[in-house]
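Inspection log for the structure reproduced underneath, given as structure tokens.
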Amino acid sequence: MGVALTRSAQWTAAGYGTRTLETTPLNEAILQEIIIFIESFIYKHPQEAKYVFVEPLEWKTDLDPSAFELGYVVSETTVESEEADKNGQPLLFFSVPQIQVRSFGQLSRLLFIAKDRKLKEAQACIEANRNPVRKILGFDYNAVIEDSSVLNILDKITEDNDPESQVKMKIAMLLKELDLHLLNHSLKHISLEVSLNPEAVKNDVELLKRFSGKGEETVLESITYTSDYEFSNGCRAPPWRQILGEMCYVLVKPHDVETLCITCSAEGVFLNGGKIDEGEINYERKGAIYKDLITFLKNTSAKFSEVMSKEQIRFNELQNGKDQPNETSDKKESDAIPKAVDGSDKGMLEKKQINFGKRQMAKRLEPSLNWKTTVDYKGRRSSLRDTHKEKRGGKLEKSAPSVSPGKTQLACKNVSKTEEIVSESSSESEEDEEPPDHRQEANADLPSEYWQIQKLVKYLKGGNQIATVIALCSLKDFNLAQETCQLAIRDAGGLEVLINLLDTDEVKCKIGSLKILKEISHNPQIRRNIVDLGGLPLMVNILDSPHKSLKCLAAETIANVAKFRRARWAVRHHGGITKLVVLLDCAQNSTEPVQSSLYDARDEEVARCGALALWSCSKSYANKEAIRKAGGIPLLARLLKTSHGNMLIPVVGTLQECASEENYRDAIKAERIIENLVKNLNSENEQLQEHCAMAIYQCAEDEETRDLVRLHGGLKPLASLLNNTDNKERLAAVTGAIWKCSISKENVTKFREYKAIETLVGLLTDQPEEVLVNVVGALGECCQEHENRVIVRKCGGIQPLVNLLVGINQALLVNVTKAIAACAVEPESMIIIARLDGVRLLWSLLKNPHPDVKASAAWALCPCIQNAKDAGEMVRSFVGGLELVVNLLKSDSKEVLASVCAAITNIAKDQENLAIITDHGVVPLLSKLANTNNDKLRRHLAEAISCCCMWGRNRVAFGENKAVAPLVRYLKSNDINVHRATAQALYQLSEDVDNCITIHENGAVKMLLHMVGSADEDLQEAAAGCISNIRRLALATEKARYT
Amino acid sequence: MNRKKLQKLTDTLTKNCKHFNKFEVKCLINLFYKLMGDVTKRQGVVTGLDRNAFRNILHVTFGMTDDMIMDRVFRGFDKDNDGSINVSEWVYGLSLFLRGTLEEKMKYCFEVFDLNGDGFISKEEMFHMLKNSLLKQPSEEDPDEGIKDLVEITLKKMDHDHDGKLSFSDYEQAVREETLLLEAFGPCLPDPKSQMEFEAHVFKEPNEFNDI
């Protein structure tokens, strides 16, 4: 039992103490066997069942005390067996959840009681008692069992003769039997996973032979064994190789590859070193291990796999035919097989073949099983301390005289295990936007380019400078934009060579290598491989090279590679940003002597490539900073003044990327870049226009910049670009620029002049979301002016805007609600919005999970309620709407709170609605918000409070909810809007006597007196009203006192 | 040699050589006679640099190693085929070496690679020039197979008219597509680094020559 448990059972690798048995079929089988053994123990060996264990087996059980019945003393949380030992100790003691058992008899009964939870109990018991034999028999017997043969045990029995130790011995023997039984049993289980044996290989070879020969239709040209002699065990390998598990060697000549010498071993099939002389073979493994001959050939020969896929059906039929006799003779095994194969998602053919191999294996296994266990038993004696890991593959090799099937499968398992690990590490998860790495499908049909590329890479590896250059030039002729070719280079180990070449002094090799790297680095996986292989530091070094074309190529390759974060970090980390910025400077040194070297590019080209690389790098914040620190902005600004289209795109692209940073925007303004951006809006190049518009979009957050755009005449080209809607990227950039520019009123006037508003309205339909967001944003800004609102309405812009309210894009919803809010100010527009049920749509946006949308919708509701006819009736018609609004006062977002307060102010203007929201508890909720420093919220909250005072005893209620004292403090704010709203609220609240006192106590009078002198009439009036209320109260009290 | 003669020689050579200015020509002539001086000391009176002396210069100054290519370079310099390089051959040769245009260089390289001078680079010639370009792999059945394959690859790349050999137009077209192929069959031009070193060394203001 002990051995089986430590060696065969599959423990989880969690370390001692907490280790548990994995739930594998093997473990389950072992547990089942143990259960059967224990259950039958009480009947088979009644004498031994009474034996009291040296130490109790103790574990945590899930059983309930109530499950124990006859023969037990049961209390609520404890159970004691009536059966006791000599000292009167119960043999079973159970105190929830811990259980202690001290005899096999009790164990048997327990399992009987556990019924369908037997397995769980057995597992818990074995997990808690890692060495049950020792606990049962005591330490010395444990040792006896572990390191002695039957003979030793017999000796022991004859030595001491008392009956107790005889029983003990008997039990020891029984346990030993169980142990052997378990090992045997587990072996049967493992044996189902065998994949290769001599007979299976023989069958494969025979089968392939029948489909081989000259001509196009055959799978192979020829397949032969290297040796004609077959040993009695079915192997053809010489005995000293058989020890290593090798069975035979096959010479295969596929149609498209040269003759392959293949080793078929128990571990799988692989390419060996080839035939050296007559009968001599270089046994060294040269390639990967495949699980069988067919898989190997499929992966090696494209032609083979192609023909095979055609022949598959025929092949399958044939195999099935061959299987027939097996199936009838071996019913039992074949029953087990589908279970083993289930769940594996391999192709039909493979599945068949596994079956094929396994059936034969299983058949062959029967006789050798006993042999295996004996070996195992002997082996155990010789190396006691073998860890079970070692046993998996290693130990049997020493004693195995011929190929052992048992070892075969064990080794196979190991191989597949290691392969799994390898494939796992190759697909390490990437932190970035990059897709996960996936190796090329192993048995996908590979085009001929694949093999040609592989050959060229071989020459790259093994050639001198001349051969390398030829191979590089030839490699460049392949279609490197194609993924097959890119991956072929990588899979052949070409990337390593290409990158190594960058480290040499050979200018030509470096150029050739970079030309290829530049192309294949368009592939995201290759990019990552290049970074992993340390390619970037080398390229960064090349940027210092005196040869301009080398610099260009390096910069261009960096531009391609630096598309993900880790790469961009690497460029910066190795000082690449500074060097790239230096490249930008090249264009100015035109005084340089004209060199006649072959490897010189034009200065502009160098600068262009530098800008290209910076563009890629500028996607990282830290890189933007590094570019700025390296003095990149003035250089970019200077390059922007040139007129080469190719140059401008990366330059503007970089600027546009960087313009997301505040200090860049300042620098862009300072370097007078806007002027050139505007100029290039008129360019012919769409991409350039797009990036210019994008850069303006980024920069136009700043008011001065917006003015600059207008002053340099940028609004007109922007407006005219709106008319071309085919290029969506550009349209998005242009509309974005218009949106940001229209934040300035003067710009809006210009846009109206250019009829841009009409065009924008036209863009409200059938555009992608990126465009819509900007268009709606622009309209929202434009509609701040009356004239434009009229234009929008007249152009039929309201309907599409309302339609957009049902979207899900948050940015779009925020902009749409803003635009509608702007339109709703116009009563005529409001009629349309109400007719289109826009208010209801806005209201439902209050349920949107995003706070910005909520707030924006609530703001939009304010003008709607103000301007709608029968607004009160309309609001009431929204079932649950008012409750929803009131509950939004529990939000965490200040913006949402402010907007909802504003909405409540408007809602409360209708008496009936005010009554309803009062019922919904608006007063305490508003009061709770009173302690805030946010001026925006203060203002709207104060307004809401003053409006809500108009109903019932709300005034008093605000006082009771302690809203008054905080309101008084609002008067200390610097915002006149807050003052006005607060004064109005205080005026309303001061109608209540208690509030009056509170206001006075908090020292409001002095501040209010000050505000009476304000220029704002509303504020004057409210402040004066409040003071008069306080004063009146004071007079009344005085009067009361003196009368 | 007197100053007047030298002056005259310098003038003629400068006139005929478009890539060098007068100063540079003068430097090169000086260098030539300096080298000649060394040679003369050893071998008695000669008219120019002989093959060995020239190969020595190629090897030491321009880092060339391939014997065959160096021989061919010598022939390229030695226009009159008299087995030695005189002063004008020296200046003309170096003008191409250091300053030649792509066209000039192509013509020169093609001549170097066309071993038998029949106007074509044949397969055999390629094989000859490439035979040392691959590392010998012990397992390879036929050590020449890789070379043959490489020749085929080269032909596929450069032989545009598919006649199994490279004419000058084949070569020219290939080089114009890919400049790296200029020295496809071996380095016969100075590599950029040694060229720069050479120029820096020779064309510096040579005080010691000012008075010649």
When restricted to A:Val96, A:Val101, A:Val74, A:Val79, the only residue farther than 25 Å from A:Lys168 by Cα, open to solvent by less than 10 Å² (accessible area, probe 1.4 Å) and out of contact with any Lys or Arg (no Cβ under 8 Å at 6 or more places or on another chain) is A:Val79
Output the residue which, of all residues in region A:459-471 that are hydrophobic (A, V, I, L, M, F, W, C) and more than 7 Å from every other protein chain (Cβ to nearest Cβ), is nearest to the chain's Cα centre (by Cα). A:Leu460
Any residue that is of a type outside the set (Asp, Glu), touching a Lys or Arg at 6+ places or on another chain (Cβ under 8 Å) and crowded, with 24+ Cβ neighbours inside 10 Å - is there at least one of those in region A:831-841? no
Output yes when any residue across region A:403-424 is open to solvent by less than 60 Å² (accessible area, probe 1.4 Å), modelled with pLDDT of 50 or more and more than 13 Å from every other protein chain (Cβ to nearest Cβ), and no when none is. no
Looking at A:Asp892, is it open to solvent by 40 Å² or more (accessible area, probe 1.4 Å) and not in a helix (DSSP H, G or I)? yes
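Table: residues versus (1) at pLDDT 90 or above; (2) under 31 Å from the mean Cα position of the chain (by Cα); (3) under 28 Å from A:Leu677 (Cα atoms).
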{"residue": "A:Pro537", "(1), (2), (3)": "yes, yes, no"}
{"residue": "A:Cys552", "(1), (2), (3)": "yes, no, yes"}
{"residue": "A:Trp569", "(1), (2), (3)": "yes, yes, no"}
{"residue": "A:Ile577", "(1), (2), (3)": "yes, yes, yes"}
{"residue": "A:Leu584", "(1), (2), (3)": "no, no, yes"}
{"residue": "A:Asn589", "(1), (2), (3)": "no, no, yes"}
{"residue": "A:Asp600", "(1), (2), (3)": "no, no, no"}
{"residue": "A:Ser620", "(1), (2), (3)": "no, yes, yes"}
{"residue": "A:Leu635", "(1), (2), (3)": "no, no, yes"}
If I filter region A:1016-1038 for residues that are in a loop (DSSP other than H, G, I, E, B) and open to solvent by 70 Å² or more (accessible area, probe 1.4 Å), do I get at least one hit? no
Extreme residue, farthest from A:Gln166 (Cα to Cα), among residues of region A:37-53 that are under 54 Å from the mean Cα position of the chain (by Cα) and surrounded by 15 or more Cβ atoms within 10 Å (Cβ to Cβ): A:Glu39
Which one of the conditions (1) open to solvent by less than 10 Å² (accessible area, probe 1.4 Å); (2) among the aromatic types (Phe, Trp, Tyr); (3) in a helix (DSSP H, G or I) does A:Trp59 fail to meet, given that it meets all the rest? (3)
I need the full set of residues from region A:954-977 which are assigned to a helix (DSSP H, G or I) and more than 17 Å from A:Glu1001 (Cα to Cα), in order please. A:Asn954, A:Arg955, A:Ala957, A:Ile976, A:Asn977
When region B:89-135 is checked residue by residue, the ones that are open to solvent by 50 Å² or more (accessible area, probe 1.4 Å) and of a type outside the set (D, E, K, R) are B:Tyr92, B:Thr101, B:Asn116, B:Gly117, B:Phe120, B:Phe127, B:His128, B:Asn132, B:Leu135
Which count do you get for residues in region A:498-523 that are open to solvent by 40 Å² or more (accessible area, probe 1.4 Å), more than 12 Å from chain B (Cβ to nearest Cβ) and assigned to a helix (DSSP H, G or I)? 3
Within region A:998-1005, identify whether any single residue is in a helix (DSSP H, G or I), over 60 Å from the mean Cα position of the chain (by Cα) and more than 24 Å from A:Arg953 (Cβ to Cβ), and answer yes or no. yes
Which listed residue, of A:Asn541, A:Asn560, is within 27 Å of A:Ala471 (Cα to Cα), open to solvent by less than 30 Å² (accessible area, probe 1.4 Å) and at pLDDT 90 or above: A:Asn560
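For (1) open to solvent by 10 Å² or more (accessible area, probe 1.4 Å); (2) in a helix (DSSP H, G or I); (3) aliphatic (A, V, I, L, M); (4) within 11 Å of chain A (Cβ to nearest Cβ), each residue gets a yes or a no:
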| site | (1), (2), (3), (4) |
| --- | --- |
| B:Gly146 | no, yes, no, yes |
| B:Glu152 | yes, yes, no, yes |
| B:His160 | yes, no, no, no |
| B:Asp163 | yes, no, no, no |
| B:Tyr171 | no, yes, no, no |
| B:Val175 | no, yes, yes, yes |
| B:Leu182 | no, yes, yes, yes |
Condition test on A:Leu456, is it at the interface with another protein chain (Cβ under 10 Å from one of its Cβ atoms), hydrophobic (A, V, I, L, M, F, W, C), within 18 Å of B:Leu150 (Cα to Cα) and open to solvent by less than 60 Å² (accessible area, probe 1.4 Å)? yes
Failed item in (1) under 22 Å from B:Leu150 (Cβ atoms); (2) within 12 Å of chain B (Cβ to nearest Cβ); (3) not basic (Lys, Arg), with A:Tyr450 passing the rest: (2)
Within region A:472-483, restricting attention to residues that are open to solvent by 10 Å² or more (accessible area, probe 1.4 Å) and closer than 23 Å to A:Arg527 by Cβ, which residue is farthest from the other protein chains (Cβ to nearest Cβ)? A:Glu483
Taking region A:474-496, which residues are part of a helix (DSSP H, G or I) and closer than 22 Å to A:Ala562 by Cβ? A:Glu483, A:Gln486, A:Leu487, A:Ile489, A:Arg490, A:Gly494, A:Leu495, A:Glu496
Scope region A:106-141; condition β-branched (Val, Ile, Thr), more than 41 Å from the chain's Cα centre (by Cα) and farther than 14 Å from A:Ile171 by Cβ; matching residues: A:Ile113
Given (1) assigned to a helix (DSSP H, G or I); (2) at pLDDT below 90, number of the condition A:Gly713 does not satisfy: (1)
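The values are calculated or read from the model by the stated rules, or taken from the named source; none is laboratory data. Just so you know, these numbers come straight off a predicted model, no measurement behind them. Reconstructed Cβ throughout: ideal geometry from the backbone, glycine too, with neighbour counts over all protein chains shown. Heavy atoms of the whole protein, side chains included, go into the accessibility calculation; ligands, DNA and RNA do not. Shrake-Rupley method; radii C 1.70, N 1.55, O 1.52, S 1.80 Å.
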